[in-house]
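Here is the structure we will look at, set down as structure tokens.
Just so it is clear, none of the values below were taken in a lab; they were calculated from the coordinates. Just so you know, these numbers come straight off a predicted model, no measurement behind them. Every residue, glycine among them, receives a Cβ derived from its backbone with ideal geometry; neighbour counts consider all protein chains shown.
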Amino acid sequence: MGLARFEVNMTKRVPFISGNWKMHNTIAESIVLAAAISGGKANKNNAEVCIAPSYTSLAAVKQTVKGTKVLVAAQDMHYEEKGAFTGAISPSQIKDAGATHVILGHSERRAIFGDTDAIINKKLAAAFKHNLIPVFCIGETLEQREAGETISVLESQLENGLKGFSAEDMKSMIIAYEPVWAIGTGKTATPQQAQEAHAAVRKFLTKYSADFAAKIRIVYGGSVKTDNVDDIMAQPDVDGALVGGQSLNAEQFIRIINYENK
Ligand code: PEP
């Protein structure tokens with residue numbers, strides 16, 4: 001099964017595994033965790049490994065992983081360049097602090113902070129403009145899944161979030177399929193549910209170009225753990241994972257990075 005992922009449309013996609021530390025860790029704690037993760041030598045799947053600390057720890061984490069292949073992401077950003085936006089952080093500021101990637105549209109941002117598809121669209125545009133690699137999150141609520149709306153919700157989030165962009169604009173983008181009901185709940189989508197959603201997202205993206213859809217990485221997020229990552233990663237359209245809870249523990253996160261290739 002593992003090989004299938006690389007053979008779909010004859011396109012090899014490098015696995016992308018990112019931690020999302022959310023609102024956890026002081027600067028000192030972030031340095032310890034980043035050092036433990038970047039010091040873990042094993043990366044048997046040659047995955048791209050990324051960690052997303054709080055803004056306050058970005059620069060220190062960047063410094064800690066210097067000289068390793070570990071990438072650093074911000075968990076969000078504002079779309080404006082500068083100005084009277086008290087409490088917000090701009091694309092240039094996260095870049096200045098060391099981020100090369102930025103998580104956008106996370107369901108917690110959508111639900112708690114009111115990020116709409118239109119706002120996320122502006123943030124994505126700002127990421128492309130600043131050469132930041134967005135990890136664009138989409139996903140349905142439990143209510144929407146139970147109403148049989150999963151695929152239409154994903155398509156609508158893609159349609160509205162990606163309005164105005166070309167395949168060329170989006171070529172570095174990573175999409176994270178994160179069913180809202182699986183985030184931080186301990187409930188995980190079954191490997192089949194993940195595959196179904198990922199395949200639908202990839203199919204939707206063929207409208208830009210078949211080549212773009214074949215190359216884009218679609219990662220799964222929602223209670224990824226050491227004991228379910230192998231089966232999730234075995235799905236042909238799952239190209240990695242966005243990990244919340246278990247990315248706060250270096251040993252667990254390193255095991256997730258080193259998933260068994262089934
Ligand atoms: C997330 O924050 O994106 C996430 C998937 O969290 P968890 O792994 O804790 O469900």
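If you wrap the tightest convex hull around every Cα atom of region 150-262 and split its volume per residue, you get 103 Å³. Build a GNM of the chain with springs between Cα atoms under 10 Å: which of G67, G98, G184 gets the top mean-square fluctuation? So, out of G67, G98, G184, the one fluctuating most is G67. Can you check what the net charge comes to around S30, using other residues whose Cβ is under 15 Å from the Cβ of S30 (Lys, Arg +1; Asp, Glu -1)? Neighbourhood net charge equals +2. The convex hull drawn around the Cα atoms of region 45-104, when projected onto a plane and averaged over every direction, covers 4.3 nm².
Computed over every Cα-Cα pair of region 72-151 and binned at 5 Å starting from 0, the pair-distance distribution P(r) comes out as 3, 16, 25, 22, 16, 7, 6, 4, 1 percent.
Compactness ratio for the chain: Cα radius of gyration over 2.2 N^0.38 Å (N = residue count) comes to 0.93.
For the chain, a crude dipole built from +1 on the beta carbon of Lys and Arg and -1 on the beta carbon of Asp and Glu, taken about the Cα centre, is about 760 debye to the nearest 20. Ranked for footprinting exposure by Cβ neighbours inside 10 Å, fewest first, M23, M170 give M23, M170.
With a cut-off of 13 Å between beta carbons, the residues surrounding E108 carry a summed charge of 0, where Lys and Arg count +1 and Asp and Glu -1. Ordering L205, L104 from the fewest to the most neighbouring beta carbons within 10 Å gives L205, L104. Across every pair of non-identical alpha carbons in region 102-195, the mean reciprocal distance, once inverted, gives a Kirkwood radius of 13.8 Å. I216 sits among other residues whose Cβ lies under 9 Å from its own Cβ, and their net charge, with Lys and Arg +1 and Asp and Glu -1, is +4. Counting neighbouring beta carbons within 10 Å and listing from fewest to most, the residues F136, F128 come out as F128, F136.
The spread of Cα positions in region 34-75, taken along each principal axis and listed from longest to shortest, comes to 31, 17, 14 Å.
Taking one quarter of the surface of the C-alpha convex hull of region 4-122 gives a mean projected area of 9.2 nm². Value of Rg to Rh for region 171-234, rounded to two decimals, is 1.01; Kirkwood radius and Rg both from alpha-carbon coordinates.
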